[in-house]
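The values are calculated or read from the model by the stated rules, or taken from the named source; none is laboratory data. The model shown is predicted, which means the values in this text are computed figures rather than measured ones. Note: ideal-geometry Cβ built from the backbone for every residue, glycine included; neighbour counts use all protein chains shown.
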């Protein structure tokens, strides 16, 4: 049995862990490092072992969705509860409001509706620069 096959047999039992690393945002390079393999081997396994590819994919989908949800929430603004200590030392829960984040809204719209929200650069190609070309310049 080859060393890589032996290594795969050890790692296939860790697919849930690998999925978790992907969910936590680790890159393929970091996951390969955690597994003690090179990135070339990781990419080879992704092509050869469907269950390995699926573990990485599922983990990354969860992380991507969480970021998308956070961006969406930030773009719209949201209410949240916070515990604060009063002047008397009592802990009370207060409701706060985080106003909409304009940058998040612009980012969302540019990516979701690029036809309406892209940065437009319209160039007028019919402009008169007022340049006069002189064929003969007299020698002084």
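Observations
- Considering 20, 89, the condition of being in a loop (DSSP other than H, G, I, E, B) and either assigned by TED's automatic domain parsing to the domain that holds residue 105 or in contact (Cβ under 8 Å) with a residue 24 or more places away in the chain (or both) is satisfied by 89 alone.
- Residue match in the stretch 95-102 (condition: in contact (Cβ under 8 Å) with a residue 12 or more places away in the chain, within 19 Å of the chain's Cα centre (by Cα) and not assigned by TED's automatic domain parsing to the domain that holds residue 29): yes
- Residue within the stretch 57-79 that is loosely packed, with under 10 Cβ neighbours inside 10 Å, at pLDDT 90 or above and within 32 Å of the chain's Cα centre (by Cα) present: yes
- Of all residues assigned to the stretch 119-133, none qualifies as being at pLDDT 90 or above and either at positive phi or touching a strand residue (DSSP E or B) at 6+ places or on another chain (Cβ under 8 Å) (or both).
- Here the condition is being without any contact (Cβ under 8 Å) to a residue 40 or more places away in the chain and under 17 Å from residue 8 (Cβ atoms); of 47, 69, it holds for 47 alone.
- Meets criteria (surrounded by fewer than 15 Cβ atoms within 10 Å (Cβ to Cβ) and not in a helix (DSSP H, G or I)) for residue 96: yes
- Condition broken by residue 110, with the remaining ones in (1) surrounded by 13 or more Cβ atoms within 10 Å (Cβ to Cβ); (2) within 30 Å of residue 15 (Cβ to Cβ) satisfied: (2)
- Condition check for residue 30: in a helix (DSSP H, G or I) and either under 30 Å from residue 95 (Cβ atoms) or outside the structural domain of residue 98 (by TED's automatic domain parsing) (or both): yes
- Being under 27 Å from residue 25 (Cβ atoms) and touching a strand residue (DSSP E or B) at 6+ places or on another chain (Cβ under 9 Å) holds for only one residue in 59, 77, and it is 77.
- Scanning the stretch 1-13 for residues that are exposed (fewer than 15 other Cβ atoms within 10 Å of the Cβ) and either modelled with pLDDT of 95 or more or under 28 Å from residue 65 (Cα atoms) (or both) turns up 12, 13.
- Test: residue in the stretch 105-121 that is part of a loop (DSSP other than H, G, I, E, B) and under 30 Å from residue 29 (Cα atoms): no
- Which listed residue, of 78, 107, is touching a residue at least 24 places away in the same chain (Cβ under 8 Å), outside the structural domain of residue 15 (by TED's automatic domain parsing) and out of contact with any helix residue (DSSP H, G or I) (no Cβ under 6 Å at 6 or more places or on another chain): 107
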